[in-house]
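Taking it in order: structure first as structure tokens, then the write-up.
The values are calculated or read from the model by the stated rules, or taken from the named source; none is laboratory data. Bear in mind the structure is a predicted one, so any value in this text is a computation, not a measurement. Every residue, glycine among them, receives a Cβ derived from its backbone with ideal geometry; neighbour counts consider all protein chains shown. In case anyone asks, the SASA skips ligands and DNA or RNA and just uses the protein heavy atoms, side chains included. Shrake-Rupley method; radii C 1.70, N 1.55, O 1.52, S 1.80 Å.
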Amino acid sequence: MSVSGYKKSTNGHAPKASRPQKRRAAFYDLDGTLVDLNLVHAAIFTLANVGEWSGRVSYLLGFAARIPRLYVAEQRDRRLLNTALFEAFKGVSRDRLLSLGEEYCERILIGHLFPRAVELIEANREAGIEPVLVTGSPDFIVAPLARHLGVVDFAANRFVFSRGRATGRLAEPVMAGDEKAVWCAEYAAAHDIDLADCWGYADSHYDTSFLAALGHPVAVNPDRRLRAAALSRQWPVLHFEKAADSGPRDDFDHDQDHTDKDLNPDSERSTRGSDGAA
């Protein structure tokens, strides 16, 4: 308690100091979870705007040549997908990437945020649950979005640069699969946070280990395999509509064949949770 905030109670005694509230965090994936876009979309936008038309064509042709490899990587390993995808950026200057990241965020990404995802972040924040982004998207795109959302901390993929230009390699750790869970554990330890008190939101089965590391995992717009894992582990499932679709729909997936009160759409948790989280 600060000096200015100290007041005596009516009986003349100083009020008892309240116990400090434990810090909590909510870790959010980005693509498919908070926005209805994916990393490939961001990559194509960036490569299509890197410079003069001749340069753009060269980068896009190089990206097109990687599509078969990207498809195979997507089926096997998200880390491999990220590595293969970011190779296409070799030679792009750091300054240009930062500029395009700002432009992509302002012109496209913000408009594709799920409205209810933004509401969820704010509801959790009001409940004292700090938002943290943990995503495989590149940091030059995530940083301006984090500022827009008022998020202080985030983990994103980072390029290795040489003489101010991207080498096409990613710096470790690559934000994919188990590395997300490891990063969350290290973040929690550094900030005196218990992962058992934390929330996690993601849409892909590649994020199963990331969600499982947190005390309150939530599957958001899950793919088939994550949905199956969520049902078997009785994790809440949320469905967010696209920003352009204002039609009414309950957030929660009613197809789940269990009746846990935490998933009851009529309960308080259907919008904010018993302690403010969903």
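At full extension, residue 192 and residue 93 could sit 31.9 nm farther apart than now, given 0.36 nm per residue minus the alpha carbon distance. Bridges between two residues of the range 121-220, per DSSP, are antiparallel at a rate of about 25%. A full extension of the chain between residue 233 and residue 169 corresponds to an added length of 19.4 nm, given 0.36 nm per residue minus the alpha carbon distance.
In the assembled protein chains, residue 39 presents an accessible area of approximately 20 Å² (probe radius 1.4 Å). Fully extending the segment from residue 23 to residue 44, taken as 0.36 nm per residue of separation minus the present Cα-Cα distance, adds 3.7 nm. The residue 241 and residue 106 beta-carbon pair, evaluated with R₀ = 25 Å, returns a calculated FRET efficiency of approximately 0.65.
Each of 93, 232, 137 has its accessible area taken with a 1.4 Å probe; listed largest first, they run 232, 93, 137.
Around the amide H of residue 221, modelled in the peptide plane, lie the amide H atoms of 238, 239, 240, all under 5 Å away and 5 or more residues distant in sequence or on another chain. The residues of the range 128-202 expose, per residue, 40 Å² of accessible area to a 1.4 Å probe.
The HN-Hα couplings worked out from phi for the range 86-95 by the Karplus form 6.51 cos²θ - 1.76 cosθ + 1.60 (θ = phi - 60°) are 6, 4, 5, 8, 4, x, 6, 6, 4, 4 Hz, whole numbers, x standing for Gly and Pro.
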